[in-house]
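Engineer: Here it is, the structure in full.
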Amino acid sequence: SGEAVQQEEEEEEDGEEVLLRFKKHCKGFKTGKAAFEFFSQGTGSVSRDNVVDGLLELRQDDNDGAEAENYDASWAEDDATELWYLLELEEDDVLEEEAFVAKLGRK
């Protein structure tokens, strides 16, 4: 049936959207390094959990109001999982600064 195929394509688009949105967050920092430092919380690498925490924090700052309310830990989890999937990382892989900036930050 043609329906299943359609479904998959839509999901892929969502994934791209997650990546674009994340890159947009990173562009909100002056440098890729600054974005890395925010997400790594001083640990020297960015884990999926760091991304979850960072996204939640950014969302709270971003939107005072309704959207931030709706964006909770489970959404951040999904976004981080999706991001890791798109970057072809294992769940417990971490990104060092160079890789983070190369993949997500601006040069």
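The values are calculated or read from the model by the stated rules, or taken from the named source; none is laboratory data. These numbers come from a predicted model, not from an experiment. Every residue, glycine among them, receives a Cβ derived from its backbone with ideal geometry; neighbour counts consider all protein chains shown. Surface areas here come from the heavy atoms of the whole protein model, side chains and all, with no ligands, DNA or RNA. Shrake-Rupley method; radii C 1.70, N 1.55, O 1.52, S 1.80 Å.
Engineer: Residue by residue through the stretch 76-107, note down the ones that are at pLDDT below 90 and open to solvent by 80 Å² or more (accessible area, probe 1.4 Å). Don't jump to the end; show me each part of the working.
Structural biologist: At the first step, the residues of the stretch 76-107 found to be at pLDDT below 90 are 104-107.
Of everything in the stretch 76-107, those that are at pLDDT below 90 and open to solvent by 80 Å² or more (accessible area, probe 1.4 Å) turn out to be 106, 107.
Engineer: If residue 64 satisfies all but one of (1) open to solvent by less than 60 Å² (accessible area, probe 1.4 Å); (2) farther than 14 Å from residue 36 by Cβ; (3) modelled with pLDDT under 90, what's the number of the condition it fails?
Structural biologist: For residue 64, the failing item is (1).
Engineer: Could you check residue 40 against (1) over 10 Å from the mean Cα position of the chain (by Cα); (2) at pLDDT below 95 and say which number it fails?
Structural biologist: Among (1) over 10 Å from the mean Cα position of the chain (by Cα); (2) at pLDDT below 95, the lone unmet condition for residue 40 is (2).
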